[in-house]
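Reading through the structure tokens given below for one structure.
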Ligand SMILES: Nc1nc2c(ncn2[C@@H]2O[C@H](COP(=O)(O)OP(=O)(O)OP(=O)(O)O)[C@@H](O)[C@H]2O)c(=O)[nH]1
Ligand SMILES: [Mg+2]
């Protein structure tokens, strides 16, 4: 019988996908010779029964715990039992950088892999957009966005199973992280919104002041494609009273005005002088006052 292994980092939704695929007929058992527990179940692919295994979570194929060791053993045996074994690599779409590390290792080992981009719902919430087609092209294996808790994408995942492929991606082992970076930076992941309310400390150059809208793993490199310009906050609202100020060479003239549009520091806006009712164009100062432009 063919096997499907659900593999991925810890806490990415493997077990939820597993139960979506298998329903209730599952067996928990220990991996031979260990106390590491894993779950097996069955599903039908077409008319054919296949075994599904919920493999313990692992960050890579260099095991550092008994559970990871089991995961690695299972990965190693996939494919060797017979044609048709497939690894569904479940990845956390909000944390591609860390997750693709394992993906690349699986691909490198020549396993037939299918990627489930799980937690797809979360990417929307935190403002990441991923170009799935591009990612698929680069990795050379099918990539299916899923939301395990609602079941979104699970059907598509199953229908892509026959198309799971062994790797087409080549890279040198010591360049693995670099490769991950390349994949991420090729406009596959865009952080759509970045903002910061923190002042810029002296000596910093852009991109300081960008707060990622996704959790970035330690040591991530922030690349230009991942960031957008910081926009200073709106300090003048429409119809807000503003102090019109001319402060030059000992001359201080003030008047009250009403802003006709919202604005940030440095913007030019139209302001209506309350006394004369005349409309002037003025530049917004840091302190929220405005200075007429002559
Ligand atoms: N928002 C959201 N939450 C999810 C999704 N899939 C799983 N979760 C949640 O993520 C958490 C982890 O899910 P599990 O299925 O236990 O993850 P796992 O990969 O089996 O974790 P380990 O067995 O510890 O490696 C649970 O709280 C799930 O409810 C998803 O697509 N969207
Ligand atoms: Mg689990």
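Descriptive notes on the structure:
- The set of residues from the stretch 254-284 being assigned to a loop (DSSP other than H, G, I, E, B), under 45 Å from the mean Cα position of the chain (by Cα) and over 14 Å from residue 241 (Cα atoms) comprises 265, 266, 267.
- Of the strands (runs of 3 or more DSSP E) lying entirely inside the stretch 3-86, not one is found with 3 or more residues being within 14 Å of ligand 1 (Cβ to nearest atom), in the same structural domain as residue 116 (by TED's automatic domain parsing) and without any contact (Cβ under 8 Å) to a residue 12 or more places away in the chain.
- Within the stretch 259-283, residues that are at positive phi have Cβ atoms under 8 Å from residues that are assigned to a strand (DSSP E or B) in these pairs: 266/283; 266/284, counting only partners at least 6 apart in sequence or on another chain.
- Taken over the stretch 2-44, the criterion of being in contact with a helix residue (DSSP H, G or I) (Cβ under 6 Å, 6 or more places away or on another chain) and away from ligand 2 (no atom under 16 Å from the Cβ) is satisfied by 34, 43.
- Unmet requirement for residue 147, which otherwise passes all of (1) away from ligand 1 (no atom under 14 Å from the Cβ); (2) touching a strand residue (DSSP E or B) at 6+ places or on another chain (Cβ under 9 Å): (1)
- One residue from 100, 115, 96 being assigned to a strand (DSSP E or B), touching a residue at least 12 places away in the same chain (Cβ under 8 Å), away from ligand 2 (no atom under 16 Å from the Cβ) and under 21 Å from residue 188 (Cβ atoms): 115
The values are calculated or read from the model by the stated rules, or taken from the named source; none is laboratory data. Bear in mind that the values here come from a model prediction, so they are computed numbers and not experimental data. In this analysis, Cβ positions are derived from the backbone assuming ideal geometry, glycine residues included, and neighbour counts consider all displayed protein chains.
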